[in-house]
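Report on the following structure.
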Amino acid sequence: MWYAIIGEDKPNSLDARQASRPAHLERLHLLQDQGRLLLAGPFPAIDSDNPGPAGFSGSLIVAEFESLEQANAWAIADPYLAAGVYASVSVKPFKKALPA
């Protein structure tokens, strides 16, 4: 099943985000290589593709896991959480409807 993983950034966490980004992306590339990643990306803090020092307000990952427990375990092991980028992470089952 697909699961939506939503990370909410702490204020002023851009430096920690940039420092831990390679490890964060490495895990996402592994999911992608396994064919289990639907999409992933950050939420810019302002209405811009390149928010500069405004940074990001969080991230969204939609990936396939065998269970909610496995999705939660994967989410809490995210380098962004360990580095203090995320204030919170939530995981919800996701049903892809479109595009078909």
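None of the figures in this text is laboratory data; all of them are computed from the coordinates on show. Worth saying up front: this structure is predicted, and the values here are computed from it rather than measured. Cβ sites come from the backbone with ideal geometry, for glycine too, and all protein chains shown count toward neighbours.
Just for the range 46-73: of the residues that are of a type in the set (A, V, I, L, M) and over 15 Å from the mean Cα position of the chain (by Cα), which one is farthest from residue 3 (Cα to Cα)?
Of all residues in the range 46-73, those of a type in the set (A, V, I, L, M) come to 46, 54, 60-63, 68, 71, 73.
Now drop any that are not over 15 Å from the mean Cα position of the chain (by Cα), which leaves 46, 54, 68.
Details: 46: 26, 54: 28, 68: 7 Å.
Checked the range 46-73; the qualifying residue farthest from residue 3 (Cα to Cα) is 54.
Name every residue in the range 54-100 that is touching a strand residue (DSSP E or B) at 6+ places or on another chain (Cβ under 8 Å) and polar (S, T, N, Q), in order of residue number. Don't jump to the end; show me each part of the working.
So the first thing to find is which residues in the range 54-100 are touching a strand residue (DSSP E or B) at 6+ places or on another chain (Cβ under 8 Å), and the list is 54-65, 68, 71-72, 74-76, 78, 80-81, 85-96.
Passing the criteria: 57, 59, 72, 88, 90.
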Checklist entry - So which pairs qualify, if the first residue must be in the range 79-97 and in contact (Cβ under 8 Å) with a residue 60 or more places away in the chain, the second must be charged (D, E, K, R) and loosely packed, with under 13 Cβ neighbours inside 10 Å, the Cβ gap must be under 8 Å, and the two must be at least 6 apart or on different chains? => result none
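Here's a check for you: in the range 7-45, which residue that is of a type in the set (A, V, I, L, M, F, W, C) and within 10 Å of the chain's Cα centre (by Cα) is nearest to residue 57 (Cα to Cα)?
Here the answer is 43.
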